[in-house]
Amino acid sequence: MTCFPQQIKGLMPERMIALNNHKMISNKGKATVVTFSSVTFANKAKAALERAGYQSEVMRTPGAIAGGCGYSVVTGAPLDKVSAVMDKNNIHYRSVTDKSGR
Amino acid sequence: MIYFDNAATTYPKPDSVLQAARAAPVEYGGNPGRSGHSMSLKTAEAVYAVREKAAKMFDADPENAVFTLNCTHALNLAIKGVAVRGGHYIISSLEHNSVARPVHALAQRGISYSIARVYEDDERTMKEIISLINPYTKGIICTMGSNVTGQILPFGKIGELCSARGLIFIADGAQVCGVLPISLKNDCINILCMPGHKGLYGISGTGMLITDGKYPIHHIMEGGTGSTSLELNQPDFLPDRLESGTVNTVGIISLGAGMDYLAAKGIDNVRSAEDTLCSRFINGVRSVDGVKIYRQPNAKYLPIVLFNIESKNSEETATELSDAGFALRGGYHCSGLAHRSLGTLDVGGVRFSPSAFNTAGEVDKLISAVKRIAAGM
(Lines give C-alpha, C1' and ligand atoms only; values in the text may rest on other atoms or scores of the structure.)
Protein backbone atom coordinates (compact mmCIF):
# COMPACT_ATOMS: atom_id res chain seq x y z
CA MET A 1 0.00 0.00 0.00
CA THR A 2 1.26 3.45 -0.83
CA CYS A 3 2.04 5.70 2.08
CA PHE A 4 0.88 9.24 2.00
CA PRO A 5 2.86 11.98 3.69
CA GLN A 6 0.11 14.04 5.26
CA GLN A 7 -3.44 12.85 5.20
CA ILE A 8 -5.96 15.09 3.55
CA LYS A 9 -7.71 16.75 6.47
CA GLY A 10 -10.71 14.77 7.57
CA LEU A 11 -10.05 11.90 5.14
CA MET A 12 -10.18 8.52 6.87
CA PRO A 13 -7.06 6.46 6.21
CA GLU A 14 -8.82 3.47 4.67
CA ARG A 15 -10.47 5.76 2.14
CA MET A 16 -7.09 6.73 0.81
CA ILE A 17 -6.99 3.31 -0.86
CA ALA A 18 -9.14 4.73 -3.64
CA LEU A 19 -6.52 7.37 -4.35
CA ASN A 20 -3.79 4.78 -4.00
CA ASN A 21 -5.40 2.65 -6.64
CA HIS A 22 -5.85 5.46 -9.11
CA LYS A 23 -3.90 4.55 -12.19
CA MET A 24 -2.09 7.85 -12.33
CA ILE A 25 -0.56 7.15 -8.96
CA SER A 26 -0.01 3.43 -9.25
CA ASN A 27 1.36 3.58 -12.81
CA LYS A 28 3.42 6.72 -12.72
CA GLY A 29 4.46 6.68 -9.12
CA LYS A 30 4.18 10.38 -8.54
CA ALA A 31 1.08 12.41 -8.79
CA THR A 32 -0.46 15.45 -7.21
CA VAL A 33 -3.98 15.51 -5.90
CA VAL A 34 -5.95 18.72 -5.64
CA THR A 35 -9.29 18.71 -3.88
CA PHE A 36 -12.19 21.04 -4.59
CA SER A 37 -15.60 21.86 -3.22
CA SER A 38 -17.31 21.59 -6.54
CA VAL A 39 -17.06 19.71 -9.81
CA THR A 40 -16.97 23.03 -11.65
CA PHE A 41 -13.69 24.03 -10.05
CA ALA A 42 -12.34 20.52 -10.53
CA ASN A 43 -13.06 20.72 -14.25
CA LYS A 44 -11.67 24.25 -14.42
CA ALA A 45 -8.48 22.93 -12.85
CA LYS A 46 -8.33 19.95 -15.20
CA ALA A 47 -8.72 22.23 -18.21
CA ALA A 48 -6.05 24.62 -16.95
CA LEU A 49 -3.59 21.83 -16.18
CA GLU A 50 -4.14 20.26 -19.59
CA ARG A 51 -3.53 23.60 -21.27
CA ALA A 52 -0.29 23.73 -19.30
CA GLY A 53 0.61 20.32 -20.70
CA TYR A 54 -0.17 18.05 -17.75
CA GLN A 55 -2.35 14.98 -17.96
CA SER A 56 -5.11 15.29 -15.40
CA GLU A 57 -8.26 13.49 -14.36
CA VAL A 58 -11.22 14.43 -12.25
CA MET A 59 -12.39 11.97 -9.65
CA ARG A 60 -14.72 11.96 -6.71
CA THR A 61 -12.83 12.76 -3.51
CA PRO A 62 -13.14 9.52 -1.54
CA GLY A 63 -14.59 9.67 1.94
CA ALA A 64 -15.97 12.57 3.89
CA ILE A 65 -14.01 15.79 3.78
CA ALA A 66 -15.06 18.90 5.64
CA GLY A 67 -18.57 19.74 4.54
CA GLY A 68 -19.10 16.55 2.59
CA CYS A 69 -18.98 15.80 -1.13
CA GLY A 70 -16.30 17.06 -3.43
CA TYR A 71 -14.13 16.36 -6.38
CA SER A 72 -10.41 15.96 -6.84
CA VAL A 73 -8.05 16.30 -9.73
CA VAL A 74 -5.24 13.81 -9.99
CA THR A 75 -2.45 15.11 -12.15
CA GLY A 76 1.05 14.26 -13.21
CA ALA A 77 2.11 17.84 -12.62
CA PRO A 78 4.41 18.38 -9.62
CA LEU A 79 3.01 20.19 -6.65
CA ASP A 80 4.73 23.51 -7.26
CA LYS A 81 3.50 23.61 -10.85
CA VAL A 82 -0.02 22.74 -9.76
CA SER A 83 -0.07 25.56 -7.23
CA ALA A 84 1.19 27.95 -9.87
CA VAL A 85 -1.49 26.89 -12.38
CA MET A 86 -4.22 27.20 -9.74
CA ASP A 87 -3.06 30.68 -8.75
CA LYS A 88 -2.63 31.87 -12.33
CA ASN A 89 -6.15 30.78 -13.24
CA ASN A 90 -7.77 31.96 -10.01
CA ILE A 91 -8.97 28.45 -9.17
CA HIS A 92 -10.10 27.93 -5.60
CA TYR A 93 -9.07 24.60 -4.11
CA ARG A 94 -9.29 22.96 -0.72
CA SER A 95 -5.93 21.24 -0.62
CA VAL A 96 -3.07 20.16 -2.84
CA THR A 97 -1.00 17.18 -1.86
CA ASP A 98 1.91 15.37 -3.40
CA LYS A 99 1.37 11.64 -3.56
CA SER A 100 4.20 9.18 -4.04
CA GLY A 101 3.32 5.76 -5.20
CA ARG A 102 5.44 2.70 -5.19
CA MET B 1 -45.11 27.36 -42.34
CA ILE B 2 -42.57 30.14 -42.85
CA TYR B 3 -41.30 31.07 -39.43
CA PHE B 4 -40.60 34.71 -38.57
CA ASP B 5 -41.08 34.56 -34.79
CA ASN B 6 -37.43 34.15 -33.79
CA ALA B 7 -37.63 36.85 -31.12
CA ALA B 8 -39.86 34.36 -29.27
CA THR B 9 -37.60 31.40 -29.93
CA THR B 10 -35.39 30.51 -32.87
CA TYR B 11 -36.66 27.95 -35.32
CA PRO B 12 -35.38 25.86 -36.90
CA LYS B 13 -32.33 24.98 -34.86
CA PRO B 14 -29.07 24.14 -36.63
CA ASP B 15 -28.61 20.45 -37.41
CA SER B 16 -25.64 20.33 -35.02
CA VAL B 17 -27.87 21.50 -32.16
CA LEU B 18 -30.50 18.87 -32.94
CA GLN B 19 -27.82 16.19 -33.13
CA ALA B 20 -26.37 17.30 -29.81
CA ALA B 21 -29.82 17.27 -28.20
CA ARG B 22 -30.53 13.78 -29.55
CA ALA B 23 -27.17 12.39 -28.48
CA ALA B 24 -26.99 14.01 -25.06
CA PRO B 25 -29.34 11.68 -23.15
CA VAL B 26 -27.32 8.72 -24.42
CA GLU B 27 -23.77 10.03 -24.28
CA TYR B 28 -24.17 12.32 -21.28
CA GLY B 29 -26.85 10.55 -19.31
CA GLY B 30 -25.33 10.99 -15.87
CA ASN B 31 -26.06 13.66 -13.31
CA PRO B 32 -23.17 16.11 -13.42
CA GLY B 33 -21.52 16.92 -10.10
CA ARG B 34 -23.26 14.20 -8.15
CA SER B 35 -21.29 10.97 -8.50
CA GLY B 36 -17.84 9.64 -9.19
CA HIS B 37 -18.61 7.13 -11.93
CA SER B 38 -17.49 7.72 -15.47
CA MET B 39 -20.91 8.73 -16.79
CA SER B 40 -21.33 11.44 -14.17
CA LEU B 41 -17.77 12.72 -14.65
CA LYS B 42 -18.13 12.75 -18.44
CA THR B 43 -21.39 14.66 -18.18
CA ALA B 44 -19.89 17.15 -15.74
CA GLU B 45 -16.99 17.76 -18.09
CA ALA B 46 -19.38 18.35 -21.00
CA VAL B 47 -21.43 20.82 -18.95
CA TYR B 48 -18.26 22.62 -17.87
CA ALA B 49 -17.19 22.90 -21.50
CA VAL B 50 -20.37 24.89 -22.20
CA ARG B 51 -19.61 27.17 -19.25
CA GLU B 52 -16.21 27.78 -20.81
CA LYS B 53 -17.79 28.64 -24.16
CA ALA B 54 -20.17 31.07 -22.50
CA ALA B 55 -17.33 32.61 -20.51
CA LYS B 56 -15.32 33.11 -23.68
CA MET B 57 -18.28 34.52 -25.61
CA PHE B 58 -19.20 37.06 -22.92
CA ASP B 59 -15.78 37.70 -21.35
CA ALA B 60 -16.31 36.20 -17.92
CA ASP B 61 -15.03 33.40 -15.71
CA PRO B 62 -16.58 29.96 -16.33
CA GLU B 63 -17.67 29.47 -12.73
CA ASN B 64 -19.62 32.73 -12.97
CA ALA B 65 -21.77 31.37 -15.82
CA VAL B 66 -24.85 29.98 -14.07
CA PHE B 67 -27.31 27.84 -16.00
CA THR B 68 -30.99 28.65 -15.63
CA LEU B 69 -34.25 27.51 -17.17
CA ASN B 70 -34.61 30.62 -19.34
CA CYS B 71 -33.92 34.34 -19.29
CA THR B 72 -36.86 35.07 -17.00
CA HIS B 73 -35.45 32.65 -14.43
CA ALA B 74 -32.02 34.30 -14.74
CA LEU B 75 -33.52 37.78 -14.29
CA ASN B 76 -35.50 36.71 -11.24
CA LEU B 77 -32.36 35.22 -9.69
CA ALA B 78 -30.45 38.41 -10.42
CA ILE B 79 -33.08 40.95 -9.42
CA LYS B 80 -34.30 39.19 -6.30
CA GLY B 81 -30.80 38.09 -5.39
CA VAL B 82 -29.45 41.62 -5.47
CA ALA B 83 -32.32 43.83 -4.35
CA VAL B 84 -32.68 42.08 -1.03
CA ARG B 85 -32.07 45.08 1.14
CA GLY B 86 -34.24 47.72 -0.46
CA GLY B 87 -33.07 50.70 -2.40
CA HIS B 88 -34.17 52.36 -5.59
CA TYR B 89 -33.73 50.92 -9.06
CA ILE B 90 -34.22 52.34 -12.53
CA ILE B 91 -35.79 50.32 -15.35
CA SER B 92 -36.64 51.44 -18.88
CA SER B 93 -39.95 52.12 -20.58
CA LEU B 94 -39.36 49.20 -22.94
CA GLU B 95 -39.01 46.43 -20.36
CA HIS B 96 -40.31 42.94 -20.88
CA ASN B 97 -42.35 41.61 -17.95
CA SER B 98 -39.38 39.44 -17.00
CA VAL B 99 -37.83 42.64 -15.63
CA ALA B 100 -40.93 44.72 -14.94
CA ARG B 101 -42.82 42.11 -12.93
CA PRO B 102 -40.09 41.03 -10.50
CA VAL B 103 -39.17 44.68 -9.91
CA HIS B 104 -42.81 45.59 -9.39
CA ALA B 105 -43.27 42.62 -7.04
CA LEU B 106 -40.27 43.72 -4.99
CA ALA B 107 -41.76 47.20 -4.81
CA GLN B 108 -44.53 45.66 -2.74
CA ARG B 109 -41.81 44.54 -0.33
CA GLY B 110 -39.67 47.57 0.18
CA ILE B 111 -37.77 48.66 -2.92
CA SER B 112 -38.76 51.58 -5.10
CA TYR B 113 -38.27 52.00 -8.81
CA SER B 114 -38.49 54.57 -11.57
CA ILE B 115 -39.15 54.05 -15.26
CA ALA B 116 -36.82 55.87 -17.63
CA ARG B 117 -38.36 56.73 -20.97
CA VAL B 118 -36.33 55.52 -23.93
CA TYR B 119 -36.04 58.06 -26.72
CA GLU B 120 -34.91 57.86 -30.30
CA ASP B 121 -31.85 59.84 -29.28
CA ASP B 122 -29.49 57.95 -26.94
CA GLU B 123 -28.24 61.15 -25.31
CA ARG B 124 -31.77 62.09 -24.37
CA THR B 125 -32.34 58.61 -22.95
CA MET B 126 -29.16 58.92 -20.88
CA LYS B 127 -30.23 62.34 -19.55
CA GLU B 128 -33.55 60.83 -18.55
CA ILE B 129 -31.84 57.97 -16.72
CA ILE B 130 -29.41 60.29 -14.94
CA SER B 131 -32.29 62.55 -13.88
CA LEU B 132 -33.88 59.62 -12.07
CA ILE B 133 -30.84 58.74 -9.97
CA ASN B 134 -31.36 59.70 -6.33
CA PRO B 135 -29.40 59.10 -3.10
CA TYR B 136 -31.11 55.74 -2.65
CA THR B 137 -30.49 54.44 -6.17
CA LYS B 138 -28.61 51.17 -6.15
CA GLY B 139 -28.73 50.13 -9.76
CA ILE B 140 -30.14 50.05 -13.24
CA ILE B 141 -31.98 46.98 -14.48
CA CYS B 142 -32.86 47.15 -18.14
CA THR B 143 -33.16 45.48 -21.46
CA MET B 144 -30.32 45.85 -23.93
CA GLY B 145 -32.71 45.70 -26.87
CA SER B 146 -36.48 45.81 -27.00
CA ASN B 147 -38.27 42.55 -27.80
CA VAL B 148 -41.13 44.63 -29.24
CA THR B 149 -39.55 47.22 -31.51
CA GLY B 150 -35.98 45.92 -31.58
CA GLN B 151 -34.63 49.29 -30.46
CA ILE B 152 -31.14 48.94 -29.03
CA LEU B 153 -30.64 50.82 -25.80
CA PRO B 154 -27.34 52.64 -25.13
CA PHE B 155 -26.26 49.80 -22.84
CA GLY B 156 -22.57 50.63 -23.13
CA LYS B 157 -23.20 54.14 -21.81
CA ILE B 158 -25.53 52.77 -19.13
CA GLY B 159 -22.78 50.41 -18.02
CA GLU B 160 -20.25 53.23 -17.88
CA LEU B 161 -22.67 55.37 -15.89
CA CYS B 162 -23.26 52.57 -13.38
CA SER B 163 -19.56 51.88 -13.05
CA ALA B 164 -18.80 55.56 -12.48
CA ARG B 165 -21.59 56.00 -9.92
CA GLY B 166 -21.12 52.72 -8.04
CA LEU B 167 -24.44 51.31 -9.23
CA ILE B 168 -25.10 47.74 -10.21
CA PHE B 169 -26.05 47.10 -13.84
CA ILE B 170 -28.29 44.08 -14.44
CA ALA B 171 -28.77 43.66 -18.17
CA ASP B 172 -31.54 41.74 -19.89
CA GLY B 173 -29.78 40.33 -22.92
CA ALA B 174 -32.73 38.30 -24.20
CA GLN B 175 -32.70 39.80 -27.68
CA VAL B 176 -29.02 40.72 -28.04
CA CYS B 177 -27.03 37.71 -26.86
CA GLY B 178 -25.91 35.89 -29.95
CA VAL B 179 -26.88 38.91 -32.06
CA LEU B 180 -24.49 41.65 -30.89
CA PRO B 181 -20.97 41.14 -29.52
CA ILE B 182 -21.25 41.58 -25.76
CA SER B 183 -18.47 41.74 -23.18
CA LEU B 184 -19.17 42.01 -19.47
CA LYS B 185 -15.87 43.82 -19.05
CA ASN B 186 -16.05 46.23 -21.98
CA ASP B 187 -19.76 46.96 -21.56
CA CYS B 188 -19.45 47.32 -17.75
CA ILE B 189 -22.23 44.82 -17.14
CA ASN B 190 -22.31 43.30 -13.65
CA ILE B 191 -24.96 40.66 -14.32
CA LEU B 192 -26.03 39.58 -17.80
CA CYS B 193 -29.13 37.43 -18.24
CA MET B 194 -30.04 35.59 -21.41
CA PRO B 195 -32.07 32.74 -22.84
CA GLY B 196 -30.35 29.81 -24.47
CA HIS B 197 -33.14 29.25 -26.98
CA LYS B 198 -33.17 32.53 -28.93
CA GLY B 199 -30.03 34.07 -30.46
CA LEU B 200 -27.78 31.33 -29.08
CA TYR B 201 -29.79 28.66 -30.94
CA GLY B 202 -30.03 26.16 -28.07
CA ILE B 203 -33.23 24.26 -27.37
CA SER B 204 -35.86 25.59 -24.98
CA GLY B 205 -35.45 25.12 -21.24
CA THR B 206 -32.09 26.89 -21.14
CA GLY B 207 -30.79 30.24 -20.04
CA MET B 208 -27.81 31.79 -18.31
CA LEU B 209 -26.96 34.33 -15.69
CA ILE B 210 -23.38 35.51 -16.09
CA THR B 211 -21.86 37.75 -13.44
CA ASP B 212 -18.60 39.62 -13.11
CA GLY B 213 -18.61 38.61 -9.45
CA LYS B 214 -18.56 42.15 -8.13
CA TYR B 215 -21.96 42.02 -6.44
CA PRO B 216 -22.96 38.99 -4.37
CA ILE B 217 -26.20 37.41 -5.50
CA HIS B 218 -28.29 36.05 -2.64
CA HIS B 219 -29.87 32.70 -3.42
CA ILE B 220 -33.64 32.53 -3.68
CA MET B 221 -33.69 28.76 -3.99
CA GLU B 222 -31.85 26.20 -1.91
CA GLY B 223 -31.28 22.50 -2.40
CA GLY B 224 -28.86 19.84 -3.51
CA THR B 225 -25.81 21.09 -5.32
CA GLY B 226 -23.50 18.06 -5.17
CA SER B 227 -21.16 20.07 -2.98
CA THR B 228 -20.66 20.62 0.77
CA SER B 229 -23.53 18.21 1.36
CA LEU B 230 -23.03 18.00 5.11
CA GLU B 231 -23.68 21.70 5.52
CA LEU B 232 -27.21 23.05 5.80
CA ASN B 233 -26.18 26.43 4.43
CA GLN B 234 -26.32 26.85 0.68
CA PRO B 235 -22.77 26.92 -0.78
CA ASP B 236 -21.34 30.40 -0.90
CA PHE B 237 -19.53 29.91 -4.21
CA LEU B 238 -20.74 30.00 -7.79
CA PRO B 239 -22.19 28.38 -9.73
CA ASP B 240 -23.45 26.07 -6.97
CA ARG B 241 -25.00 28.86 -4.91
CA LEU B 242 -27.49 29.57 -7.69
CA GLU B 243 -27.80 26.09 -9.24
CA SER B 244 -29.76 23.87 -6.89
CA GLY B 245 -31.10 20.66 -8.30
CA THR B 246 -30.21 18.84 -11.46
CA VAL B 247 -29.44 21.09 -14.40
CA ASN B 248 -30.95 20.64 -17.85
CA THR B 249 -28.01 18.69 -19.22
CA VAL B 250 -29.56 18.02 -22.64
CA GLY B 251 -30.44 21.69 -23.02
CA ILE B 252 -27.01 22.85 -21.88
CA ILE B 253 -25.19 20.59 -24.29
CA SER B 254 -27.45 21.75 -27.10
CA LEU B 255 -26.68 25.33 -26.08
CA GLY B 256 -22.99 24.55 -26.43
CA ALA B 257 -23.65 23.32 -29.96
CA GLY B 258 -25.58 26.51 -30.67
CA MET B 259 -22.66 28.66 -29.52
CA ASP B 260 -20.33 26.60 -31.71
CA TYR B 261 -22.64 27.23 -34.65
CA LEU B 262 -22.55 30.98 -34.03
CA ALA B 263 -18.79 30.99 -33.58
CA ALA B 264 -18.39 29.21 -36.92
CA LYS B 265 -20.78 31.49 -38.81
CA GLY B 266 -19.77 34.69 -37.04
CA ILE B 267 -22.27 36.71 -35.01
CA ASP B 268 -21.78 39.76 -37.23
CA ASN B 269 -22.46 37.74 -40.38
CA VAL B 270 -25.67 36.32 -38.93
CA ARG B 271 -26.90 39.71 -37.80
CA SER B 272 -25.99 41.33 -41.10
CA ALA B 273 -28.05 38.76 -42.99
CA GLU B 274 -30.99 39.27 -40.64
CA ASP B 275 -30.72 43.05 -40.92
CA THR B 276 -30.82 42.71 -44.69
CA LEU B 277 -34.04 40.71 -44.45
CA CYS B 278 -35.54 43.36 -42.17
CA SER B 279 -34.63 46.11 -44.63
CA ARG B 280 -36.18 44.07 -47.44
CA PHE B 281 -39.37 43.65 -45.46
CA ILE B 282 -39.56 47.33 -44.52
CA ASN B 283 -38.93 48.44 -48.09
CA GLY B 284 -41.59 46.03 -49.30
CA VAL B 285 -44.38 47.20 -47.01
CA ARG B 286 -43.57 50.81 -46.16
CA SER B 287 -45.55 52.20 -49.09
CA VAL B 288 -48.55 49.91 -48.65
CA ASP B 289 -51.68 51.83 -47.70
CA GLY B 290 -52.69 51.13 -44.14
CA VAL B 291 -49.41 49.58 -43.02
CA LYS B 292 -47.61 51.31 -40.17
CA ILE B 293 -44.03 50.46 -39.23
CA TYR B 294 -42.77 51.38 -35.76
CA ARG B 295 -39.23 52.52 -36.40
CA GLN B 296 -37.67 55.87 -35.70
CA PRO B 297 -35.11 57.15 -38.21
CA ASN B 298 -32.28 57.89 -35.76
CA ALA B 299 -32.64 54.96 -33.40
CA LYS B 300 -30.61 51.76 -33.71
CA TYR B 301 -32.37 48.44 -34.12
CA LEU B 302 -31.92 44.73 -33.76
CA PRO B 303 -33.30 42.58 -36.61
CA ILE B 304 -36.88 43.01 -35.38
CA VAL B 305 -39.63 45.04 -37.05
CA LEU B 306 -42.94 45.92 -35.40
CA PHE B 307 -45.81 46.81 -37.71
CA ASN B 308 -49.55 46.98 -37.90
CA ILE B 309 -52.21 46.91 -40.59
CA GLU B 310 -54.17 49.83 -39.32
CA SER B 311 -57.61 48.56 -40.14
CA LYS B 312 -57.08 45.51 -37.95
CA ASN B 313 -56.14 44.53 -34.43
CA SER B 314 -52.64 43.01 -34.34
CA GLU B 315 -53.90 39.62 -33.17
CA GLU B 316 -56.28 39.57 -36.12
CA THR B 317 -53.44 40.34 -38.52
CA ALA B 318 -51.23 37.70 -36.96
CA THR B 319 -54.05 35.15 -37.25
CA GLU B 320 -54.61 35.94 -40.92
CA LEU B 321 -50.88 35.67 -41.55
CA SER B 322 -50.83 32.35 -39.71
CA ASP B 323 -53.70 31.11 -41.88
CA ALA B 324 -51.63 32.14 -44.88
CA GLY B 325 -48.66 30.14 -43.61
CA PHE B 326 -46.55 32.73 -41.80
CA ALA B 327 -45.57 32.58 -38.12
CA LEU B 328 -45.39 36.01 -36.50
CA ARG B 329 -46.45 37.16 -33.05
CA GLY B 330 -49.25 39.66 -32.58
CA GLY B 331 -50.41 41.26 -29.34
CA TYR B 332 -48.40 42.75 -26.53
CA HIS B 333 -45.27 40.57 -26.49
CA CYS B 334 -45.25 40.32 -22.69
CA SER B 335 -44.37 43.98 -22.59
CA GLY B 336 -47.15 46.27 -21.51
CA LEU B 337 -44.58 48.95 -20.75
CA ALA B 338 -43.28 48.97 -24.32
CA HIS B 339 -46.74 49.15 -25.86
CA ARG B 340 -47.73 51.90 -23.44
CA SER B 341 -44.61 53.77 -24.50
CA LEU B 342 -45.44 53.24 -28.20
CA GLY B 343 -49.07 54.21 -27.85
CA THR B 344 -50.26 50.80 -29.04
CA LEU B 345 -52.20 49.69 -25.97
CA ASP B 346 -55.39 49.42 -27.98
CA VAL B 347 -54.08 47.33 -30.86
CA GLY B 348 -50.73 45.81 -29.88
CA GLY B 349 -48.41 45.08 -32.77
CA VAL B 350 -47.26 42.39 -35.19
CA ARG B 351 -43.60 41.47 -34.83
CA PHE B 352 -41.40 40.32 -37.71
CA SER B 353 -38.19 38.70 -36.48
CA PRO B 354 -36.16 36.64 -38.96
CA SER B 355 -33.30 34.28 -38.27
CA ALA B 356 -30.22 33.01 -40.01
CA PHE B 357 -32.40 30.42 -41.73
CA ASN B 358 -34.85 32.77 -43.43
CA THR B 359 -34.44 33.77 -47.06
CA ALA B 360 -35.21 36.77 -49.22
CA GLY B 361 -37.79 34.71 -51.09
CA GLU B 362 -39.64 33.97 -47.86
CA VAL B 363 -39.68 37.67 -47.00
CA ASP B 364 -41.08 38.48 -50.44
CA LYS B 365 -43.91 36.00 -49.86
CA LEU B 366 -44.66 37.66 -46.53
CA ILE B 367 -44.71 41.08 -48.17
CA SER B 368 -47.26 39.81 -50.69
CA ALA B 369 -49.41 38.41 -47.89
CA VAL B 370 -49.28 41.67 -45.94
CA LYS B 371 -50.34 43.55 -49.06
CA ARG B 372 -53.28 41.20 -49.59
CA ILE B 373 -54.46 41.48 -46.01
CA ALA B 374 -54.07 45.25 -46.00
CA ALA B 375 -56.16 45.43 -49.18
CA GLY B 376 -58.84 43.38 -47.49
CA MET B 377 -58.41 40.47 -49.82
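The values are calculated or read from the model by the stated rules, or taken from the named source; none is laboratory data. Because the structure is predicted, anything quoted here is derived from the model rather than measured. Cβ placement follows ideal geometry from the backbone for every residue including glycine, while neighbour counts extend to all protein chains displayed. Surface accessibility is based on the protein's heavy atoms, side chains included, excluding ligands, DNA and RNA. Shrake-Rupley method; radii C 1.70, N 1.55, O 1.52, S 1.80 Å.
What to note about this one:
- Think of a 1.4 Å ball rolled over the protein heavy atoms: the stretch B:15-264 then has 38 Å² of accessible area per residue.
- Taking Cα centre as origin and charging only the Cβ of basic (Lys, Arg, +1) and acidic (Asp, Glu, -1) residues, the dipole magnitude of chain B rounds to 400 debye.
- Take each residue of peptide B:233-245, count the partner chain Cβ atoms within 10 Å of its Cβ, and average: the result is 2.
- For B:PRO181, net neighbour charge (Lys/Arg +1, Asp/Glu -1) across residues whose Cβ lies under 10 Å away: -2
- Rounded to 0.05, the FRET efficiency of the B:LYS42 and B:SER131 pair, given R0 = 56 Å and the Cβ-Cβ distance, is 0.55.
- Beta bridge orientation in the stretch B:15-264: antiparallel %, DSSP, nearest 5: 35
- Once the C-beta distance of A:GLN55 and B:GLU160 is scaled by a Förster radius of 51 Å, the resulting FRET efficiency is 0.70 to the nearest 0.05.
- For the stretch B:332-362, the residues whose backbone nitrogen is under 18 Å from a point 7 Å from the Cα of B:HIS104, taken along Cα to Cβ, are B:332-349.
- Neighbourhood charge, 15 Å Cβ-Cβ cut-off, centred on B:THR125 and excluding it, Lys, Arg +1 and Asp, Glu -1: -2
- Accessible area per residue was computed with a 1.4 Å probe on protein heavy atoms; B:LYS365 scores about 120 Å².
- The ratio of the alpha-carbon radius of gyration of chain B to the globular-protein estimate 2.2 N^0.38 Å is 1.01.
- Other protein chain Cβ atoms within 10 Å, averaged over every residue that makes up A:56-62: 3
- Entries of A:LYS46/B:LYS214; B:LYS127/B:LYS365; A:LYS88/B:LYS127; B:LYS56/B:LYS80; A:LYS44/B:LYS214; B:LYS53/B:LYS80 with Cα pairs more than 32 Å apart: B:LYS127/B:LYS365; A:LYS88/B:LYS127
- The mean number of partner chain beta-carbon atoms within 10 angstrom of a residue's beta-carbon across peptide A:42-48 is 5.
- Candidate lysines - alpha carbon under 16 Å from A:LYS99, same-chain residues fewer than 8 apart omitted: A:LYS9, A:LYS23, A:LYS28, A:LYS30, A:LYS81
- Here the spin labels are modelled as points 7 Å beyond Cα on the Cα-Cβ line, and at B:ASP346 and B:LYS265 they lie 4.0 nm apart.
- Subset of B:LYS138/B:LYS300; B:LYS198/B:LYS300; B:LYS13/B:LYS312 violating a 26 Å alpha-carbon distance limit: B:LYS138/B:LYS300; B:LYS13/B:LYS312
- FRET E, pair B:ALA324, B:SER272, Förster distance 41 Å, beta-carbon r, rounded to 0.05: 0.90
- Full-extension gain in nm, B:MET221 to B:LYS292, via 0.36 nm per residue minus C-alpha separation: 21.1 nm
- Local electrostatic count, B:ILE282, Cβ distance below 11 Å [Lys/Arg +1, Asp/Glu -1]: +2
- Each Lys and Arg contributes +1 and each Asp and Glu -1, all at the Cβ; summed about the Cα centre of the protein assembly as shown, the dipole is approximately 940 debye.
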